[in-house]
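For reference, the structure discussed in these notes is given below.
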Amino acid sequence: MLSAFRRRYYDVLASVYLYNEYQGYTGLERLLAALRQRYPQEAEFIAAVAKHTDDERKHYRMFKHFFESQGRMPLAVDRTCGYIDQFVLLIFGRSLEELDEQQFLENEELFFKLCRLVMMTEFRGMQQVTVLLQSRLIRQNPRLVRIFRMIERDEPSHCFPYQRWLQQRGSHLPGFEEKFTDVWIHYSLMLLKIPILFLNIWMRRLMTFPA
């Protein structure tokens, strides 16, 4: 019974992370393209976002390998468990895929807000990895410990470049709506959505990896 509980917990956690890392790097590819077009002179920040994109892709592949090495597929997690998906939906009123890059290129404040959401998501992710690495359940799984240690090393370079770049433009401080939304997404995931996912033993698994 305990072994089955642990395996389910690892499956749910790794599936949620795999989905978020995939959404992260594919969304960042679009942000990076917009950044290069809107601020081509910002070589240092562009390089930081390019590294962030590469790291998210690397993290996705680590979770993909986690499942491949065990001969099973991840759970078919959708955008309801996607942190940046929910952030974009609640703040901009549309899905991540529906964001209009041209609109953000033409409106500096919207572009700053999008970068601020990425920054806040990464700060939240950094806090969550710290908690997970203190978990007895995680420490019992060396594969996940290695993955989360790698994420822990990478995370600071994902948060602070956005903060510094926005700070130079006087736009790094989240507003009340953004702060409240961040808290709402975090606790709705931790206390509601992920427990429901854990208990839903009929949930299907992916047939193929998204990438």
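The values are calculated or read from the model by the stated rules, or taken from the named source; none is laboratory data. Quick caveat: nothing in here was measured; it's all calculated off a predicted structure. FYI the Cβ positions are ideal-geometry reconstructions off the backbone, even for glycines, and counts take in every protein chain you see. Note: accessible area is taken over every heavy atom of the protein model, side chains too, but ligands, DNA and RNA are not part of it. Shrake-Rupley method; radii C 1.70, N 1.55, O 1.52, S 1.80 Å.
With the structure loaded, tell me whether residue 6 is at pLDDT 90 or above, open to solvent by 10 Å² or more (accessible area, probe 1.4 Å), closer than 21 Å to residue 135 by Cα and assigned to a helix (DSSP H, G or I) or whether it fails that test. Explain how you work it out, then say what you get.
Working: at pLDDT 90 or above: yes; open to solvent by 10 Å² or more (accessible area, probe 1.4 Å): yes; closer than 21 Å to residue 135 by Cα: yes; assigned to a helix (DSSP H, G or I): yes.
Criteria met by residue 6.
Keeping to segment 46-94, report how many residues are among the acidic types (Asp, Glu) and open to solvent by 50 Å² or more (accessible area, probe 1.4 Å). Walk me through it before giving the result.
Applying the first criterion (among the acidic types (Asp, Glu)) to segment 46-94 yields 54-56, 68, 78, 85.
Now narrow it down to the ones that are open to solvent by 50 Å² or more (accessible area, probe 1.4 Å): 54, 68, 78.
Selection size over segment 46-94: 3.
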Requested in this report: Within segment 136-146, work out how many residues are surrounded by 15 or more Cβ atoms within 10 Å (Cβ to Cβ) and not in a helix (DSSP H, G or I).
Outcome: 1
Report summary line: Checking 33, 43 in turn, the sole residue that is touching a residue at least 40 places away in the same chain (Cβ under 8 Å), surrounded by fewer than 18 Cβ atoms within 10 Å (Cβ to Cβ) and of a type outside the set (Phe, Trp, Tyr) turns out to be 33
Query raised in the report: Of all helices (runs of 4 or more DSSP H) completely enclosed by segment 50-135, which ones contain at least 3 residues that are within 18 Å of the chain's Cα centre (by Cα)?
Result: 83-92, 108-133
Query raised in the report: Taking the stated definitions as given, is residue 171 at pLDDT below 95, within 15 Å of the chain's Cα centre (by Cα) and more than 17 Å from residue 81 (Cα to Cα)?
Result: no
Query - The lone exception for residue 112 - which of (1) touching a Ser or Thr at 6+ places or on another chain (Cβ under 6 Å); (2) aromatic (Phe, Trp, Tyr); (3) under 17 Å from residue 19 (Cβ atoms) it fails - result: (3)
Query - Conditions (1) over 20 Å from residue 92 (Cβ atoms); (2) open to solvent by 20 Å² or more (accessible area, probe 1.4 Å); (3) touching a Phe, Trp or Tyr at 6+ places or on another chain (Cβ under 6 Å): number failed by residue 121 - result: (1)
Report task. Can you tell me which residue within segment 169-199, out of those that are in contact (Cβ under 8 Å) with a residue 12 or more places away in the chain and part of a loop (DSSP other than H, G, I, E, B), is least open to solvent (accessible area, probe 1.4 Å)? Result -> 171
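Does residue 14 fit the bill of being modelled with pLDDT under 95, touching a helix residue (DSSP H, G or I) at 6+ places or on another chain (Cβ under 6 Å) and aliphatic (A, V, I, L, M)?
Working: modelled with pLDDT under 95: no; touching a helix residue (DSSP H, G or I) at 6+ places or on another chain (Cβ under 6 Å): yes; aliphatic (A, V, I, L, M): yes.
No, not satisfied.
Quickly run through segment 147-163 and pick out the residues that are of a type outside the set (Val, Ile, Thr), touching a residue at least 12 places away in the same chain (Cβ under 8 Å) and part of a helix (DSSP H, G or I).
Selection gives 148, 149, 150, 152, 154, 156, 157, 158, 159, 161, 162, 163.
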